[in-house]
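These notes concern the structure reproduced below.
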Amino acid sequence: MSEHAILWTALSVLLLPMLSYVIIFFFGKMLPRKGDWVGVTLLGATLVQAVRIFVHFWQMGDSQLRYEGGFRWLDVGQFTADAGMLVDGMTAIMLVVVSLVSFLVHLFSVGYMHGDRRYERYFAFLGFFTFSMMGIVLANGLLFLYVFWELVGLASYLLIGFFFHKPTAADANKKAFLTNRVGDFGFFIGIMIFFTAYGTFNYMELFAQMQLAPLTGALLTWAGVGLFMGCIGKSAQAPLHIWLPDAMEGPTPVSALIHAATMVAAGVYMVARLLPLFDPNALLVIAYIGSITAILGATIALVKTDIKKSLAFSTISQLGYMVMAMGVGASAAGMFHLTTHAFFKALLFLGAGSVIHAVHTQEMPLMGGLRKKMPITFVTFFIATLAISGVPFFSGFYSKDAILAGALAFGMQGKTMIPFILALAAAGITAFYMFRMLFMTFMGKPRDEERYSHAHESPWTMSVPLMVLAVLAIVSAGWKGPADSWFSKFVTSYDLPAITAEYGHQENHIVESDHHVVVDDHAVVHVEEHATSESDAAHGDSHGDAHDDVSHKAHSMAMVMSIAIAGLGIFLSWLAYMKKAFSTEAIKTRLNPVYKVLQNKYYFDEIYAATVYKFVLGLAWLNAAFDRVVIDGIVNGSATVTKIGGWITGSIFDRYVVDGMVNGVGNLIQGAGQGMRRVQTGRVQTYLLYVCTSIVILVFVFRAL
Amino acid sequence: MEVGLAHYLTVGAILFSLGIFAVMTRRNAVALLMGVELILNGANVNFVAFSRYVETSIDGHLMAAFVIVLAAAEAAVALAIVLAMFRNFGTVHVDSVDSLKQ
């Protein structure tokens, strides 16, 4: 395909879901089956288009291949902004992931949402979400990234609160929206720092300018941390992860699409996309936040009995992995994990949805033994569990392994080992709680006979997506790490010297300003250094031979360790929940304080309630008081003044002056008339008398003349 | 004593004043018309006197003749009005004809 064709195809990928939204939103009620087939068909078309782009990149096999197109969107005085699309390997993968999961979720929802009162609205929102997500993926600049960033937030808000008649759902969507707002605030600051420094939103121009005239010192770190705050909010990283578990109030397919596979991965995608803009300090922050999130989510998932809540914390933990990968310089591994995770986590959520659909509860203690009733769901869920636990030959193993290797290499290069240790522990815990979930749900004896007897396998619209995703959960990694598999054709790190050469000629007002003029010399050196290291590098994540050795060693070590710890986790889980070799209840009572802390999610909500919420509510109370006393005082005061003024003008001025004048004129004329009518006797003789008298008077007056 | 302009003017003025007096005081419309005749004739005396003593032309005389003719016409019209008045109001007293005032 030509560049032109690629861009038009990408545009269709963006607009087809929007079309689905518009059609179903406005005409859904009139269409047969409330228009669900419109959504499924258009998303199918979107998927086809996305796959066409994917195949093109596959054939070209060049990870630096890049198509960009757009137009001038705003031109106001000095300020200009472009709207455009950037299609490269990373985009191609994301397009397929998003459209595939979205398509399958549409299909699944046909069964899952069957008979819902707002069925057509649900499909409309799904289309809207997919459109927004495609926008994030395709945007070629920070401005439109931010616009679509907010749009997915809106879609997420609408879908979390889809069952808004439940107060918990209504609270959850507000919480998600407000928590994201905190992150987006930082994100916006980060964007604005880069925009004020370089005068452009375009990624490639920014990268080029960064090479030519890097921001200095703390400003760059803070700009990076600001951008990362967007990721903290959207990708549910600690400490803003609190919204994601609550977001499970939404319909389960929505959880699979938005809160597991795509939207929450947007933060990771954003960091991967903007990686050259982060300096080492910011990356260190990212690595720490990511690894802390990974362990935090995993430990909470251990104790949750609600199957969706447990999966939500699992998602938080896995997102922590991806984010950490960005921080430790294994960004390709992070994107790789994003891809594989999207499939197996969507599968887990849809599997959970299938179970919930069958037994009408989310509490795992009320399930059990469901493998006999729901064989397809069981097998697919099992595959996903193996994938997420990091069992070899399943996709999750390769991506997680690559991340752990990156973290280990990061530690071995003399940086901190903490991310690796936390991530490794999280990997073990992940294996444990995922098998716990599998055992409690599908194995053993049914704990609630009545629910068990009503359970049934889901219809084909629900089971087909499960099977498709199960296949992808096995094969999507291609049995190789990100550097060697198909993935390396799509994503490696940016070829910055080439980008600088291509985009660097742009006018740059920073270079002209005084304290940055000198930077030019450095920039040349920097670029040359980079060029040599790039040519030596075998693939994306390495920067030279020494590093290559380290990463190679790290890779084999990490693989052994990750298999060992995953095996350990699975074994312990089997002992505890299948063999009943030791009682989990006993551990629970013995480690009661720890259990309580985990069950209460490390008291994050309580801490926020005691500090942030209290502060905000206090501020709101103060503002309300200010409003009541000062603003209302001014308003009421001015009303009183106006009232008095009105009384004065109305009752006094108007009555006595204006009316006085009007009536006075009337009275005067009436009086004059009264006086004059006496003169008009109607007698000719009287008139004549007047005439004569007047003449006599006139004669005397004018006598002198 | 020689008769001069002043004597004529005096006669004219007396006639005029008598006429005015009649017009103002008489209630009978016919007597009122007579007063008007006196006023006109007082003016005629003046015209002729001025013509004789001041201008020594016949302009004054001509004007006097005009006035006599005019007075005749006026008397004819006025008497017709008085007749109409009598027919409408049943009286020729001018002060009882005041329906315009009410």
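The values are calculated or read from the model by the stated rules, or taken from the named source; none is laboratory data. Note that the structure is a prediction, hence the values are computed from the model and not measured. With ideal geometry, Cβ positions are generated from the backbone for all residues, glycine too; neighbour counts draw on all protein chains shown. The area values use the complete protein model at the heavy-atom level, side chains included, leaving out ligands, DNA and RNA. Shrake-Rupley method; radii C 1.70, N 1.55, O 1.52, S 1.80 Å.
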(message) Can you tally the net charge around A:SER63? Count Lys and Arg as +1, Asp and Glu as -1, for every other residue whose Cβ sits under 9 Å from the Cβ of A:SER63.
(response) -2
(message) With n ≥ 4 as the cut-off for DSSP H runs, can you work out [θ] at 222 nm for chain A, using -39500 (n - 2.57) per run divided by the number of residues, rounded to the nearest 500?
(response) -23500 deg cm²/dmol
(request) Between B:MET85 and A:ILE644, take the C-beta separation as r, use R0 = 56 Å, and let me know the FRET efficiency to the nearest 0.05. (result) 0.25
(message) If I ignore ligands, DNA and RNA and count only protein heavy atoms, how much of A:THR642 is accessible to a 1.4 Å probe, in Å² to the nearest 10?
(response) 90 Å²
(message) Given a 1.4 Å probe and heavy atoms of the protein chains only, how would you sort A:CYS692, A:CYS231, largest accessible area at the top?
(response) A:CYS692, A:CYS231
(request) Could you tell me how many degrees, from 0 to 90 and to the nearest 10, lie between the Cα long axis of helix B:29-50 and the main elongation axis, the longest principal axis, of the Cα atoms of chain B? (result) 10 degrees
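Of A:LYS400/A:LYS588; A:LYS234/A:LYS415; A:LYS308/A:LYS345; A:LYS234/A:LYS400; A:LYS304/A:LYS580, which ones are farther than 23 Å apart at the Cα?
Numbers: A:LYS400/A:LYS588 30 Å; A:LYS234/A:LYS415 28 Å; A:LYS308/A:LYS345 11 Å; A:LYS234/A:LYS400 21 Å; A:LYS304/A:LYS580 19 Å.
Violating the 23 Å limit, Cα to Cα: A:LYS400/A:LYS588; A:LYS234/A:LYS415.
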(request) Sort A:279-291, A:401-413 for me by packing, meaning the mean count of neighbouring Cβ atoms within 10 Å per residue, highest on top. (result) A:401-413, A:279-291
(request) Within the set of other residues whose C-beta is less than 13 Å from the C-beta of A:MET434, count the net charge using Lys and Arg as +1 and Asp and Glu as -1. (result) +4
(message) Keeping all protein chains in place and using 1.4 angstrom, which order do A:THR416, A:THR46 fall into by accessible surface area, from largest down?
(response) A:THR416, A:THR46
(request) Please tell me the relative contact order of the range B:5-92 in percent, rounded to the nearest whole number, where contacts are Cα pairs under 8 Å and at least six residues apart. (result) 28 percent
(request) Find out how many positive minus negative residues lie around A:TYR119, taking Lys and Arg as positive, Asp and Glu as negative, among other residues whose Cβ is under 14 Å from that of A:TYR119. (result) +3
(request) List the relative contact order of chain A as a percent without decimals, with contacts defined as Cα pairs under 8 Å and 6+ residues apart. (result) 13 percent
(message) Going by average Cβ density within 10 Å per residue, which order do the peptides B:6-18, A:667-679 take, highest to lowest?
(response) B:6-18, A:667-679
(request) Would you please put A:240-248, A:372-380, A:598-606 in order of how densely packed they are, using the mean number of other Cβ atoms within 10 angstrom per residue and starting with the highest? (result) A:240-248, A:372-380, A:598-606
(message) If I model a spin label at A:LYS614 and A:TRP486 as a point 7 Å from the Cα along the Cα→Cβ vector, what separation in nanometres do I get?
(response) 5.5 nm
(request) Sum -39500 (n - 2.57) across every DSSP H segment of at least 4 residues in chain B, then divide by the residue count to get the 222 nm mean residue ellipticity, nearest 500. (result) -25500 deg cm²/dmol
(message) Just to verify a number: FRET efficiency for A:ALA498 and A:VAL594, C-beta to C-beta distance, R0 = 60 Å, to 0.05?
(response) 0.70
(message) Please give the Cα centre distance for the range B:1-52 versus the range A:219-261, rounded to the nearest Å.
(response) 124 Å
(request) For the range A:336-347, take each phi angle, set θ = phi - 60°, evaluate the Karplus expression 6.51 cos²θ - 1.76 cosθ + 1.60, and give the result in whole Hz per residue in order, putting x for glycine and proline. (result) 4, 5, 4, 5, 5, 4, 3, 6, 6, 6, 4, 4
(message) If every alpha-carbon in the range B:5-92 counts as one equal scatterer, what log10 I(q)/I(0) does Debye give at q = 0.22, 0.25 1/Å?
(response) -1.00, -1.13
(message) Multiplying the sequence separation of A:GLN59 and A:LEU11 by 0.36 nm and subtracting their Cα-Cα distance, what value in nm do you get?
(response) 15.2 nm
(message) Can you return the lysines within cross-link range of A:LYS372? Criterion is Cα-Cα under 18 Å, with same-chain partners fewer than 8 residues away left out.
(response) A:LYS445
(message) If I take R0 = 25 Å and measure r between the Cβ atoms of A:LEU689 and A:LEU668 in this structure, what FRET efficiency does the formula 1/(1 + (r/R0)^6) give, to the nearest 0.05?
(response) 0.35
(request) Kindly express, to the nearest 10 degrees and within the range 0 to 90, the angle between helix A:3-27's C-alpha long axis and the longest C-alpha principal axis of chain A. (result) 60 degrees
(request) Subtracting the Cα-Cα distance from 0.36 nm times the residue separation, let me have the gained length for A:VAL471 to A:PHE626 in nm, one decimal. (result) 49.7 nm
(message) What number results when the radius of gyration of chain A, computed over Cα atoms, is divided by 2.2 N^0.38 Å?
(response) 1.36
